[in-house]
Amino acid sequence: MSIEVKYAKYVAKDYKSDQYVRWCPGCGDHAVLNCLHKAMAELSIPPHKTAVISGIGCSSRLPYYMNTYGFHTIHGRGAAIATGVKTANPDLSVWLITGDGDCLAIGGNHFIHVVRRNVDMNIVLFNNKIYGLTKGQYSPTSDRGFVSKSSPFGTVEEPFVPAELTLGARGTFFARSIDVDLKNSTDILIESAKHKGTSVVEVLVNCVIFNDGTHKDIADKEYRAERTIFLRHGEKMLFGKDNDKGLVLDGLKLKAVTIGQDGYTLDDILVHDATTQDNTMHLLLSMMGGEMPVALGVIRAVEAPVYGEELYKQIEAVQTKKPNLKLNDILMSGEVWQVKE
């Protein structure tokens with residue numbers, strides 16, 4: 001007699017550990033953790049089939065707060081270790097939790113290569129434009145002129161833009177959200193997990209102690225609608241409190257216009273295509289700021305060969321062609337030199 005086993009849908013608390021969350025009260029990381037629990041519940045991938053990897057930094061404490069497999073690794077090396085985890089066990093849903101310092105400074109090389117390889121993992125990049133755990137030094141994303149403990153007269157460096165690095169490394173998925181926008185952040189994390197390949201989600205988070213208000217110009221609900229644009233694939237690129245503004249092409253540049261002014265109509269507004277292989281428009285959108293609204297949502301999501309799948313196909317093909325091949329055969333094949341005293 002067969003017994004039908006029915007599994008209840010997972011809820012957010014199924015992914016929460018019993019550990020006390022050791023982030024400062026008011027830190028934006030709390031919101032991202034909350035969104036991640038909700039996203040995982042919606043995806044309903046069992047906790048025992050999920051692995052959360054991190055490097056070093058405030059955000060990298062997150063694996064302690066997950067009721068999943070977790071690995072708090074070393075500074076900047078989370079991407080390399082997450083690659084090993086996913087390659088060794090392709091059935092795991094792998095999440096890499098990292099910060100702007102951990103990911104883009106000491107971990108920059110690992111970051112661009114995991115993106116280039118298109119390893120099937122989800123990277124959540126917390127960007128507060130500061131080193132918080134080491135008490136307030138400027139980071140690779142800090143704005144030029146930013147005054148910090150390590151740049152008392154203002155940094156003279158140009159910052160990295162995570163989207164620009166991701167697209168430059170031929171990334172297949174990039175999205176951006178704000179810590180205070182929990183609904184959209186949760187939806188973005190869900191979309192990132194569904195993507196086959198490396199997904200990069202930059203979350204703009206606030207550090208209440210060392211860089212309070214760094215994203216205030218776009219995070220404050222009072223004027224967020226006027227200074228950000230939430231992109232959805234297949235929909236018009238509209239923004240503003242009344243959805244009366246939009247983006248058009250002005251030559252080779254994007255331009256923000258008001259519908260009904262200067263002859264612009266709804267038909268002139270661009271439609272977002274996150275799936276086009278050409279990343280020119282995705283780069284233009286992701287680099288907006290200043291007088292242009294900051295782009296949020298899924299900016300790029302394209303299909304491409306996935307590292308782990310291609311690797312296992314290669315192994316299978318070689319094993320089929322040479323079923324009796326041994327390790328020593330490989331080591332002694334090709335050009336071989338013998339070193340003698």
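The values are calculated or read from the model by the stated rules, or taken from the named source; none is laboratory data. These numbers come from a predicted model, not from an experiment. Reconstructed Cβ throughout: ideal geometry from the backbone, glycine too, with neighbour counts over all protein chains shown. SASA here: full protein model, heavy atoms, side chains in, ligands and nucleic acids out. Shrake-Rupley method; radii C 1.70, N 1.55, O 1.52, S 1.80 Å.
Got at least one residue in region 274-294 being assigned to a strand (DSSP E or B) and either over 19 Å from the mean Cα position of the chain (by Cα) or farther than 30 Å from residue 119 by Cα (or both)?
no
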| field | Output for region 247-296, where each listed residue is among the aliphatic types (A, V, I, L, M) and touching a residue at least 60 places away in the same chain (Cβ under 8 Å) | value | 283, 287, 294, 295, 296
| message | Being within 23 Å of residue 118 (Cα to Cα), open to solvent by 20 Å² or more (accessible area, probe 1.4 Å) and not polar (S, T, N, Q) narrows it down to one residue among 224, 170, 144; which is it? | response | 170
| request: Give region 297-321 a look and list any residue that's free of Cβ contacts under 8 Å to residues at least 40 places away in the same chain and either over 30 Å from residue 272 (Cβ atoms) or not acidic (Asp, Glu) (or both), or say none. | output: 313, 314, 315, 316, 317, 318, 319, 320, 321
| query | Right, residue 192: under 20 Å from residue 26 (Cβ atoms) and either among the polar types (S, T, N, Q) or open to solvent by 60 Å² or more (accessible area, probe 1.4 Å) (or both) or not? | reply | no
| note | Considering residues that are assigned to a loop (DSSP other than H, G, I, E, B), of a type in the set (Asp, Glu) and farther than 27 Å from residue 23 by Cβ, the number found within region 115-170 is 3
| field | Residue within region 53-65 that is open to solvent by less than 50 Å² (accessible area, probe 1.4 Å), within 20 Å of residue 194 (Cα to Cα) and either in a loop (DSSP other than H, G, I, E, B) or of a type outside the set (A, V, I, L, M) (or both) present | value | no
| request: Please determine, by comparing only the residues of region 269-294 that are of a type in the set (D, E, K, R) and open to solvent by 70 Å² or more (accessible area, probe 1.4 Å), which one is nearest to residue 218 (Cα to Cα). | output: 291
| Could you say which residue among 196, 129 is more than 30 Å from residue 49 (Cα to Cα) and not hydrophobic (A, V, I, L, M, F, W, C)? | 129
| said: I need the full set of residues from region 66-91 which are touching a strand residue (DSSP E or B) at 6+ places or on another chain (Cβ under 9 Å), under 18 Å from residue 118 (Cα atoms) and open to solvent by 30 Å² or more (accessible area, probe 1.4 Å), in order please. | reply: 81, 85, 89
